[in-house]
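A.B. asks: Just dropping this structure here.
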Amino acid sequence: MDTDAGRMQDEIAIVTGSNSGLGRAIARRFAAEGARVVVTGRNTERGEAMVKSLAGLPGESVFLPADLSDENACQGLVASCVEHFGGLSVLVNNAVSGAVSPRQTAVETLATETWEQVFRVTLTAAMWMCRAAIPHMRTAGGGSIINVSSRAAERATPGLPAYVAAKGGMNALTRSIATDYAADGIRCNTLAPGYVINEVREVLSEERRAHFERMHLTRIPIADDIAAAAAFLASRDAEVITGVLLPVDGGSSTAARAAAFG
């Protein structure tokens with residue numbers, strides 16, 4: 001992981017869903033670049049272990065537990081961050097509902113409860129977090145909001161209607177926030193990963209890996225690739241970038257079948 005040590009030393013960040021997966025990689029990258037980072041999730045044991053693993057990095061980190069399906073918990077998380085670190089300048093909305101799984105189904109048989117649960121954590125909680133964070137960013141003279149969406153919002157994955165719709169809503173929320181708060185120096189951008197190898201998906205058969213490699217123009221991304229893009233968008237290096245959707249997917253959204261180019 002190549003980092004720009006100190007690039008984020010003046011930033012205070014919350015990364016939701018940072019106990020594992022992409023959120024974990026993003027929080028680690030931010031701390032490596034000097035940011036003060038709030039790690040958050042519902043699992044206290046994993047959160048505290050995550051903070052312990054960041055101890056040797058330049059940035060300070062703390063675990064603050066929160067259930068993002070609760071509106072008051074979102075407000076409280078932001079308030080606790082400000083109390084602990086003295087402000088907030090970067091928000092990464094990465095958390096996804098546990099209701100998203102391959103067992104989800106098409107609209108015809110989709111349970112209303114599943115639909116609402118996915119939207120509540122994936123999209124509504126992102127809005128709650130933004131609503132709580134924006135006043136503090138305005139006080140700080142600006143800030144960066146990064147919404148972690150998915151390539152599936154543009155190229156739907158079969159059997160995941162709630163997830164696809166919620167991520168599509170997140171893309172639209174990004175554009176709205178970028179437009180409404182540009183005058184306050186608050187930027188809002190979307191990261192759209194495709195297939196990512198992380199600790200959940202680290203074991204692939206040869207055949208399956210070859211299949212995924214054929215879908216990419218470069219290589220299959222890993223979680224650190226998403227984290228590097230997030231660190232760029234969070235930093236002052238991206239101060240003129242707002243309202244964009246940045247695919248971080250090895251070119252898989254550019255070509256329907258990357259193998260045709262090889």
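The values are calculated or read from the model by the stated rules, or taken from the named source; none is laboratory data. The structure presented is a predicted model; accordingly, all values stated were derived computationally and were not measured. Positions of Cβ are generated from backbone atoms using ideal geometry, with glycine treated the same way; all protein chains shown enter the neighbour counts.
A.B. asks: Considering region 138-152 alone, what residues qualify as being in contact with a strand residue (DSSP E or B) (Cβ under 7 Å, 6 or more places away or on another chain) and small (Gly, Ala, Ser)?
C.D. replies: Passing the criteria: 142, 143, 144, 149, 150.
A.B. asks: Applying the selection to region 123-137, what residues are out of contact with any strand residue (DSSP E or B) (no Cβ under 7 Å at 6 or more places or on another chain) and either among the basic types (Lys, Arg) or in contact (Cβ under 8 Å) with a residue 60 or more places away in the chain (or both)?
C.D. replies: 125, 128, 131
A.B. asks: I'd like to know if region 158-176 contains one or more residues that are in contact with an Asp or Glu (Cβ under 9 Å, 6 or more places away or on another chain), aliphatic (A, V, I, L, M), more than 16 Å from residue 22 (Cβ to Cβ) and in contact (Cβ under 8 Å) with a residue 60 or more places away in the chain.
C.D. replies: Yes - at least one qualifying residue is present in region 158-176.
A.B. asks: Moving on. Has region 100-115 got any residue that is over 27 Å from residue 153 (Cα atoms) and assigned to a loop (DSSP other than H, G, I, E, B)?
C.D. replies: Checking region 100-115: not a single residue is over 27 Å from residue 153 (Cα atoms) and assigned to a loop (DSSP other than H, G, I, E, B).
A.B. asks: Which numbered condition trips up residue 175, out of (1) charged (D, E, K, R); (2) crowded, with 19+ Cβ neighbours inside 10 Å; (3) at pLDDT 95 or above; (4) part of a helix (DSSP H, G or I)?
C.D. replies: (2) is the only condition that residue 175 fails.
A.B. asks: Go through (1) at pLDDT below 70; (2) of a type outside the set (Lys, Arg); (3) not in a helix (DSSP H, G or I) and name the single condition residue 157 misses.
C.D. replies: For residue 157, the exception is condition (1).
A.B. asks: A further question follows. Between a first residue in region 18-45 that is within 16 Å of residue 8 (Cα to Cα) and a second residue that is among the charged types (D, E, K, R), which pairs have beta carbons less than 6 Å apart while being 6 or more apart in sequence or on different chains?
C.D. replies: Here the result reads 25/224; 33/4; 33/7; 35/11; 36/60, each pair linking region 18-45 to a residue that is among the charged types (D, E, K, R).
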